[in-house]
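J.: After the structure tokens below, expect a handful of questions from me.
The values are calculated or read from the model by the stated rules, or taken from the named source; none is laboratory data. Please read all numbers here as calculations on a predicted model, not as lab measurements. Glycine gets a Cβ as well: all are built from the backbone with ideal geometry, and neighbour counts include every protein chain shown.
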Amino acid sequence: MRCVIARFPFDLTKNEVEQSMESVRPEPAVGICVTIARRAYPVKQVGQVITKQDRRDFTAVEVSRALTRLGFTCYQAPAVRPQVRPDPSSLPWADTPLG
């Protein structure tokens, strides 16, 4: 299927994208992501691999549109909340004597 990414035309197939990403380790899922072979990849990482262009040359929307047309499912990665440990003195059992 012919896709235009960063004003350049690419003839891509779903199978070619899957093969290209086979040996690529996924980066942490942030922003718009796509699942390829049960692994979640940021679409910018996939775009860089399949187009061999710098990530600054295209948008995540361009790549997700092309991947969706090829039959992949793109989605917004859930926001990661920082792990915050509670202050030990605020815990309900903090005032309970041991023993």
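J.: So, in region 25-52, of the ones that are of a type in the set (A, V, I, L, M, F, W, C) and assigned to a loop (DSSP other than H, G, I, E, B), which residue ends up modelled with the highest pLDDT? Break it down stepwise before answering.
T.: At the first step, the residues of region 25-52 found to be of a type in the set (A, V, I, L, M, F, W, C) are 29-30, 32-34, 36-37, 40, 43, 46, 49-50.
From the residues that got through so far, the ones that are assigned to a loop (DSSP other than H, G, I, E, B) too are 29-30, 37.
Working: Ala29: 87, Val30: 88, Ala37: 92.
The qualifying residue modelled with the highest pLDDT is Ala37.
J.: Now for a separate question. Which ones in region 31-63 are surrounded by fewer than 20 Cβ atoms within 10 Å (Cβ to Cβ), hydroxyl-bearing (Ser, Thr, Tyr) and over 16 Å from Val4 (Cβ atoms)?
T.: Thr35
J.: Sticking with this structure for a sec: Residues in region 64-79: is at least one modelled with pLDDT under 85 and either assigned to a loop (DSSP other than H, G, I, E, B) or closer than 26 Å to Arg7 by Cα (or both)?
T.: Our first condition is that a residue be modelled with pLDDT under 85; within region 64-79, this holds for 78-79.
So of that shortlist, the ones also either assigned to a loop (DSSP other than H, G, I, E, B) or closer than 26 Å to Arg7 by Cα (or both) come out as 78-79.
Yes, that holds for at least one residue.
J.: Separate question: If Arg55 satisfies all but one of (1) modelled with pLDDT of 95 or more; (2) touching a helix residue (DSSP H, G or I) at 6+ places or on another chain (Cβ under 6 Å), what's the number of the condition it fails?
T.: (1)
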